[in-house]
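Worksheet for the structure shown next.
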Amino acid sequence: MKFMMIGLVCSGMGAYAQTTTVSGDIAGLKADQLVVHYYRGDKNVADTIRVKTGRFTWATQMPEPQKVAIMFPNRYVQFFVESGTINLNGTVDSLQNLKVTGSKVQDESDAYDRSLKDLSIKEMPLYQKYGKVSKAEQVALEMKLEALRTQKRERANQYITSHPKSAFSLSLVADRAAMGSYKSVAEDFAKLDPIAQKGAEGKRIAERLVVLKRSAIGEAMLNFTQNDTEGKPVKFADFKGKYVLVDFWASWCGPCRAENPNVLKAYHQYKDKNFTVVGVSLDDKGDNWKKAIKDDAMPWTQVSDLKGWNNEVSTYYGIRGIPSTLLIDPDGKIIAKDLRGEILNKKLEELFQNN
């Protein structure tokens, strides 16, 4: 079972509400309440449920299967529910092995996970070495990881093509829509049965595609204006004529701070070749933002509206995870997305090798 899965048909989705009852028995759970996050219609809602000696029951109306999340004291668990009775059994110190019964979609999800086990086994030792090897080895490591991710995407594509009416296929597309590119999500969405596309989840994906289209390769970068650390407005149009890496980050983001030295190295290497970086921070506290810039010795332009995840630029592009980047060409067009590590260095080397 996953945190965050051979062909269930989504027949009659949305026709009428059906009751879902989830009963849990988690040995060792001390909490007296838990929170369940799920969609009710087009709204993301949260229900608080009472717990007594590790046992709880949650009931709601659910016209379509969907993935829900229960927030336990130290972690959250996602699983699929549908109309009927679902049972959760396990122990609080081993929630990753929580047993879910009564959900055909979860059964489908578990079977899919098992089908990827050969690739997941290959990934583990690579992640253990990540960032602990030489530059040449790191490039090779990242290429191997990307190759494995590509294989996983290809298997997902094959699954969706073979099971266009499956609620799980719909979820695979929704997961990719959270962080993926417009092109790949649009291609997968088109493979789904029209009934699945028109359900509640399908409508959310369609809305997401409108946002993802803004950062598609070849699209013009938004000409935004935000203040720098001194409160002076900076217009993105002022950078036209340069290659610009727009770097979405925040002082509280560990992976962002770990990536900053790599961006700094790239900046110094190519700053005299018509290249620069513009940092867009998702901070909401100015002092923390400014301290991180100083501590990480970032000399490039930094802007923020200090609205946190509601930053107007990141919201426009639908960014749900950082670090995230957009690489812009001198004409103001997006030419790459989410470059980091040695993959960023490789792309910049290709751009400037003859300059």
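Ordering K333, K52 from the fewest to the most neighbouring beta carbons within 10 Å gives K52, K333.
The distance from the alpha carbon centre of segment 148-209 to that of segment 262-299 is 35 Å, rounded to a whole number.
A simple rule links phi to the HN-Hα coupling: the Karplus curve 6.51 cos²θ - 1.76 cosθ + 1.60 with θ = phi - 60°, which for segment 46-63 gives 9, 10, 9, 10, 7, 10, 10, 6, x, 10, 7, 9, 10, 10, 7, 8, 9, x Hz, with x for Gly and Pro. Here r is the Cβ-Cβ distance between V211 and K132 and R0 is 35 Å; the resulting FRET efficiency, rounded to 0.05, is 0.45. Rounded to the nearest 500, the helix-only mean residue ellipticity at 222 nm of the chain stands at -12000 deg cm²/dmol, with each DSSP H run of n ≥ 4 adding -39,500 (n - 2.57). Simple point charges give the picture: +1 on the Cβ of Lys and Arg, -1 on the Cβ of Asp and Glu, and for segment 225-352 a dipole about the Cα centre of about 80 debye.
Counting every other Cβ atom within 10 Å of each residue's Cβ, F189, F72 order from fewest to most as F72, F189.
For the chain, a crude dipole built from +1 on the beta carbon of Lys and Arg and -1 on the beta carbon of Asp and Glu, taken about the Cα centre, is about 180 debye to the nearest 20. Please give me the summed charge of the neighbours of D331: other residues whose Cβ is under 14 Å from its Cβ, Lys and Arg +1, Asp and Glu -1. Charge balance near D331 sits at +1. DSSP bridge analysis restricted to the chain gives an antiparallel fraction near 70%, rounded to the nearest 5.
Each residue of segment 313-323 was assigned a 3J(HN,Hα) from its phi angle through the Karplus expression (A = 6.51, B = -1.76, C = 1.60, θ = phi - 60°), giving 6, 5, 5, 4, 8, x, 6, 10, x, 10, x Hz with x at Gly and Pro. Dipole orientation for the chain: of the candidates V45, V35, T225, V35 has the Cα lying most toward the positive pole (charges on Cβ; Lys, Arg +1; Asp, Glu -1). Straight-line cross-link reach from K117 at under 24 Å between alpha-carbon atoms covers these lysines, not counting any fewer than eight positions away in the same chain: K2, K67, K99, K104, K129, K144, K152. Amide H contacts under 5 Å for V277: L245, T301, restricted to partners 5 or more places along the chain or on a different chain, H placed in the peptide plane at 1.01 Å from N. Simple spin-label estimate for A220 and K265 gives 3.7 nm between the two label positions (7 Å along the Cα-to-Cβ direction from each Cα). Residue-wise HN-Hα couplings along segment 103-112, as the Karplus relation 6.51 cos²θ - 1.76 cosθ + 1.60 with θ = phi - 60° gives them from phi, are 10, 5, 5, 5, 4, 5, 4, 4, 5, 5 Hz; Gly and Pro carry x.
Once backbone amide H atoms are built at 1.01 Å from N, D193 has K165 as its partners under 5 Å, excluding neighbours fewer than 5 places away on the same chain. For the chain, which semi-axes, largest first and in whole Å, follow from the square roots of 5 times the eigenvalues of its Cα gyration tensor? Here the semi-axes work out to 39, 23, 22 Å. Under 5 Å between amide hydrogens, built in the peptide plane, is the criterion, and for T229 it picks out Q302 among residues at least 5 positions away or on other chains. Rounded to the nearest 20 debye, the dipole magnitude of segment 207-256 is 180 debye, with +1 charges on Lys and Arg beta carbons, -1 on Asp and Glu beta carbons, and the Cα centre as origin. Treating the Cα atoms of segment 31-124 as identical point scatterers in vacuum, please give the log10 of the normalised Debye intensity I(q)/I(0) at q = 0.18 Å⁻¹, two decimals. The calculated log intensity ratios at q = 0.18 Å⁻¹ are -0.92. Applying 0.36 nm per residue to the separation of R75 and K99 and subtracting their alpha-carbon distance, the gain on full extension is 7.0 nm. In this rough spin-label picture, where each label sits 7 Å from Cα along the Cβ direction, the N227-Y39 distance is 3.7 nm. Using Cα positions and a limit of under 17 Å, work out the lysines in reach of K333, with same-chain residues fewer than 8 apart set aside. Candidates past the 8-residue exclusion: K183, K213, K235, K240, K242, K347.
The fewest-to-most ranking of T301, T57, T325 by surrounding Cβ atoms within 10 Å reads T57, T301, T325.
Readers should treat all values here as calculations from the given coordinates under stated rules, not as data from a laboratory. Note that this is a predicted model, so its numbers are computed, not measured. All Cβ positions, even for glycine, are placed from backbone atoms using ideal geometry, and neighbour counts span all protein chains on display.
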